[in-house]
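Each remark here refers to the structure printed beneath this line.
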Amino acid sequence: MTEPRLYWEERARRYLAEGAGLRAVCSYGMPGFYNGYIHLTQRLALAPWLRVSPGTRVLDAGCGVGRWSLHLAASGARVTGIDLARPMVEEARRRAERRGLAHHCRFLVADLAHLDLGERFDRILVVTVLQHIVDPERFRAAIGTLAAHVAPDGDLVVLEAAPSRPDVRCDSATFRAREVEEYRAAFADAGLSCITESGVDPVPLKTRLLPFYARLPRLVALAALSAVTALSLPVDALAGRRLARASWHKVLVFRRPRGPM
Ligand SMILES: C[S@@+](CC[C@H](N)C(=O)[O-])C[C@H]1O[C@@H](n2cnc3c(N)ncnc32)[C@H](O)[C@@H]1O
C-alpha cells in the first residue's frame, strides 16, 4: 500500500505553488481546465456551508493548501487547518500570510486518524480527504476523531466520493469510493446523525473516462476530457446540489443529536 504521507508530500511538492494549487488538491496533475471545473462544482456544492459569522470556530480537516480555510478566514472565522503533509501546511501558511489572513488561521501537521486538538469546533469541513484514507482501521479512527471535535450544535460537513450504489471503477491504492450508506453508518456509530445530503456532480461521464484516461494517447485523452467537461459542467453546476442520488460526490452534513446519548 502507498504510504499516505509520502504520497501527499509528493503531490504537494510537484504542484502546490502553481496558481491556486488545484493540481495538488483536486485531480492530481490533471489539466487546469478540468481542475477548474472540479473546483467550481465543489464550491457551489459547499456554498451554504462556506457562510459563517465572524468568530465561528472552524476546523478544516485535511486542509491542503488552504482552499476553504482561507475563504472561511476571510469571513472572520477562526480557522484551524490540519493536514498530514507538511508541504501542504507550509503552503497554506504562506497563502494566509500573502492574503493578510494569518491572524485568523493556524495550520498544523497532524494525522486525522490520531487527532486530539483538545477543543471543539462549531463547523468542521472535510473535503475529499476520507476518500483517500483507504485503510479501514484508519478510516474508522478518522471518523471517531472528527466526531469528537464537533461542538454541541456544531456541524460536520463532509464532501467525499460517496456513490449511491457500489462502484469500484475508480478505486486505487490511494482512493476508495465508499457508498454513501457506509458514511452514514460510520458517523452514526460515532454518535452523529446526517441532517442533510446534497449532490455535487450528477453527470456520470467523468467516472467512465478517468479509469482509462492515462492509457489513452495524449491528444485523444485531452479531447475526451474536454468533451466530458463541456457536457458535465452546465448540469453539474446548475443542478448538482439537487441531484444527490445521481451524484458521485455528495455533501453530507452531520450533527450530534441533543439529549442523552
Ligand atoms: C484531495 S486533497 C483536499 C485538500 C482540501 N481539503 C481541499 O479541498 O482543497 C486531500 C488532503 O487530505 C490530506 N490528508 C490525507 N490523509 C490525511 C490524514 N490521514 N490526516 C490529515 N490529512 C490528510 C492530504 O495531505 C491532502 O492535503
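Each reported figure results from applying straightforward, stated rules to the coordinates on display, with no laboratory input. All values derive from a computational prediction rather than experimental measurement. Glycine also receives a Cβ, built like all others from the backbone with ideal geometry; neighbour counts cover every protein chain displayed.
Remarks
- Ratio of the Cα radius of gyration of the stretch 89-236 to 2.2 N^0.38 Å, where N counts its residues: 1.23
- The stretch 66-139 and the stretch 1-46: distance between their alpha carbon centers, rounded to Å: 15
- When the GluC sites (Glu not before Pro) in the stretch 95-142 are filtered for DSSP coil states and for at most 13 other beta-carbon atoms within 10 Å of their beta-carbon, the remaining sites are Glu119.
- Prolate/oblate/rounded call for the stretch 189-253, Cα gyration tensor, a/c under 1.5 rounded: oblate
- One chain, two ends: Ala185 and Ala227. Fully extended at 0.36 nm per residue, the span grows by 11.5 nm beyond their Cα-Cα distance.
- Applied to the stretch 82-99, the Karplus parametrisation 6.51 cos²θ - 1.76 cosθ + 1.60 on θ = phi - 60° returns per-residue 3J(HN,Hα) values of 10, 7, 5, 9, 4, x, 5, 4, 5, 5, 4, 4, 4, 5, 5, 4, 4, 8 Hz, with x for Gly and Pro.
- Mean projected area of the convex hull spanned by the Cα atoms of the chain, taken over all viewing directions: 13.3 nm².
- Mean projected area (nm²) of the alpha-carbon convex hull when the stretch 180-220 is viewed from all directions: 4.5
- Size of the stretch 160-200 as Cα extents on the principal axes (Å, biggest first): 30, 21, 15
- Principal axis dimensions, largest first and in whole angstrom, of the stretch 153-239 by Cα: 50, 32, 20
- Relative contact order of the chain: 18 percent, from C-alpha pairs under 8 Å at least 6 residues apart in sequence.
- Calculated on alpha-carbon atoms, Rg and Dmax of the stretch 41-138 in Å: 12.9, 39
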